[in-house]
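Below is one structure, written out as structure tokens, with a few remarks after it.
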Amino acid sequence: MSELERHFEATIAADHRIEPRDWVPEGYRKTMVRQIAQHAHSEIIGMQPEGNWITRAPSLRRKAILLAKVQDEAGHGLYLYSAAETLGADRGELTEMLISGRQKYSSIFNYPTLTFADVGVIGWLVDGAAICNQVPLCRSSYGPYARAMIRICKEESFHQRQGYELLLTLMRGTQAQRDMVQDAVNRWWWPSLMMFGPPDDASPNTAQSMAWKIKRHTNDELRQRFVDMSVPQAEKLGVTLPDPLLKWNAERNHYDFGPIDWDELKRVISGDGPCNKERIANRRRAHEDGEWVREAALAHAAKRADGNRA
Ligand code: ACO
């Protein structure tokens with residue numbers, strides 16, 4: 001083992017952070033770029049389902065909240081692309097990989113937002129699942145990613161609360177509003193459980209990512225944590241989670257839950273979800289429309305650099 005490898009292994013073993021200046025094995029670098037890029041893409045694509053409701057928010061207050069939340073997601077994406085750049089990735093290339101289907105983004109953002117209750121349920125369940133998955137990533141071994149997660153989790157926590165508060169308001173409203181919430185919960189519950197990824201015995205990356213302390217828990221551990229957390233919240237809200245097998249198991253000290261449709265997750269990840277084509281087409285259009293901005297920014301930077309040299 002070389003001195004560099006020894007240093008890397010010792011840093012991981014001591015639970016210290018790997019920083020951009022440190023040598024890392026190629027596999028670690030690739031895994032980190034893959035995960036950070038997928039995460040960044042998810043934040044950027046994730047602006048679309050809720051962005052769909054900004055012009056139709058039912059009040060100025062709800063509109064201001066939604067605008068702030070969607071802007072936060074853009075910020076998270078940019079943060080994360082910057083973290084990927086510290087590993088030598090190129091932001092432009094990552095975007096190309098996304099819009100050409102060579103890199104993934106979270107399955108959850110391929111489902112449609114049919115009513116305004118979906119905005120609340122995305123905050124409660126989708127952002128709730130994101131927090132559950134991302135809080136442990138604040139202790140991820142790669143420093144820039146772990147530090148980005150701290151701020152992102154704080155903002156996700158606001159997103160989760162605004163969603164839950166929106167739902168509480170709707171549940172205090174009319175029967176039609178309560179039905180709308182229940183319908184949204186029925187549609188988002190199972191896709192939210194799929195966000196945590198394939199089951200552990202079908203997750204090719206978990207073992208190595210745990211050994212490198214990139215991931216701190218397995219997909220199934222976090223999924224279970226999310227179910228346990230959500231059941232009392234659903235009770236308080238007064239909605240039914242759409243799973244007849246959901247039941248407290250006193251021996252395990254956890255809720256048991258029904259089987260997940262893994263074929264659906266595979267289909268959605270491989271491009272065949274309800275909105276995959278629309279999401280990527282929108283992202284591609286926004287990228288092409290932004291061409292002149294990138295050109296202008298580069299020209300401005302070049303001018304300033306020339307000025308500095310003169
Ligand atoms: N949607 C899309 N792709 C997924 C999903 C999902 N829900 N779950 C797993 N995958 C992909 C993995 O990225 C991996 O892709 P690859 O073919 O490029 O290797 C493949 O399916 C196999 O899965 P795993 O071996 O379990 O992959 P991994 O160890 O990376 O775990 C996980 C997946 C849990 C999503 C992990 O990457 C992670 O924690 N990422 C950071 C969080 C994140 O990206 N959140 C985005 C959504 S939340 C939000 O933005 C609000």
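Read-outs: derived from the displayed coordinates by stated rules, not from any lab. Worth saying up front: this structure is predicted, and the values here are computed from it rather than measured. Here Cβ is always computed from backbone atoms with ideal geometry, including for glycine, and neighbour counts include all displayed protein chains.
With θ set to phi - 60° and the Karplus curve 6.51 cos²θ - 1.76 cosθ + 1.60, what are the ³J(HN,Hα) couplings of the stretch 28-40 in order, to the nearest whole Hz, using x for Gly and Pro?
Once rounded to whole Hz, the list reads 5, 4, 5, 5, 5, 4, 4, 5, 5, 5, 4, 5, 4.
Around Trp262, with a cut-off of 15 angstrom between Cβ atoms, what is the net charge of the other residues, counting Lys and Arg +1 and Asp and Glu -1?
-4
Could you give the distance between the Cα centres of the stretch 29-53 and the stretch 54-125, to the whole Å?
Using only Cα atoms, the two centres lie 7 Å from each other.
Under a straight-distance cross-link criterion of Cα-Cα below 14 Å, which aspartates and glutamates are reachable from Lys247, leaving out those fewer than 8 residues away in the same chain?
Asp228, Glu235, Asp256
Whole-Hz ³J(HN,Hα) for each residue in the stretch 190-203, computed from phi via Karplus 6.51 cos²θ - 1.76 cosθ + 1.60 with θ = phi - 60°, x for glycine and proline: what do you get?
With the stated coefficients, the stretch 190-203 comes to 5, x, 5, 5, 6, 4, 6, x, x, x, 3, 6, 10, 9 Hz.
Give the order of Ser141, Ser82 when sorted by the count of other beta carbons within 10 angstrom, beginning with the fewest.
The most exposed by this proxy come first: Ser82, Ser141.
Can you tell me the Rg and Dmax of the chain, counting just the alpha carbons, in angstroms?
20.8, 75
For the stretch 182-254, which trypsin sites (Lys or Arg not before Pro) are in a loop by DSSP, counting at most 11 other Cβ atoms within 10 Å?
Those that pass, being in a loop and sparsely packed, are Arg252.
Quick one: check the C-alpha center-to-center distance for the stretch 231-310 versus the stretch 207-224, whole angstrom.
20 Å
Add -39500 (n - 2.57) for each DSSP H run of 4 or more in the chain, then divide by its residues: what number comes out at 222 nm, to the nearest 500 deg cm²/dmol?
My calculation for the chain gives -20500 deg cm²/dmol from helical runs alone.
Taking only Cα atoms and a 10 Å spring cutoff, compute GNM fluctuations for the chain and point out the largest among Arg284, Arg147, Arg102.
Arg102
No solvent, one uniform scatterer per C-alpha: report log10 I(q)/I(0) for the stretch 52-132 via the Debye equation at q = 0.12, 0.15, 0.16, 0.25 1/Å, two decimals.
-0.47, -0.70, -0.78, -1.26
Please state the relative contact order of the chain as a whole percent: Cα pairs under 8 Å, 6+ residues apart?
Reported as a whole number, the value is 19 percent.
Using Cα springs under 10 Å in a Gaussian network model of the chain, which residue among Asp179, Asp127, Asp72 shows the largest mean-square fluctuation?
Result for the chain, Cα springs under 10 Å: Asp179 fluctuates most.
Show the residues, 5+ positions off or on another chain, whose built amide H is closer than 5 Å to the amide H of Leu246.
Long-range HN contacts for Leu246: Gly258.
Output wanted: per-residue J couplings in Hz (rounded whole) for the stretch 146-159, from phi through Karplus 6.51 cos²θ - 1.76 cosθ + 1.60, θ = phi - 60°, x for Gly and Pro.
Rounded to whole hertz, the list is 4, 5, 4, 4, 5, 5, 4, 5, 4, 6, 4, 5, 4, 5.
Give me the angle, in degrees from 0 to 90, between the Cα long axis of helix 276-289 and the longest principal axis of the Cα atoms of the chain, rounded to the nearest 10.
Rounded to the nearest ten degrees, it is 40.
With point charges of +1 on the Cβ of Lys and Arg and -1 on the Cβ of Asp and Glu, referenced to the Cα centre of the chain, which listed residue (Pro198, Val70, Phe109) lies farthest in the positive direction of the dipole?
It is Val70, whose Cα lies furthest towards the positive end.
Determine one quarter of the surface area of the Cα convex hull of the stretch 33-73, which equals its mean projected area, and express it in nm² to one decimal.
Computed as one quarter of the Cα hull surface, the answer is 2.7 nm².
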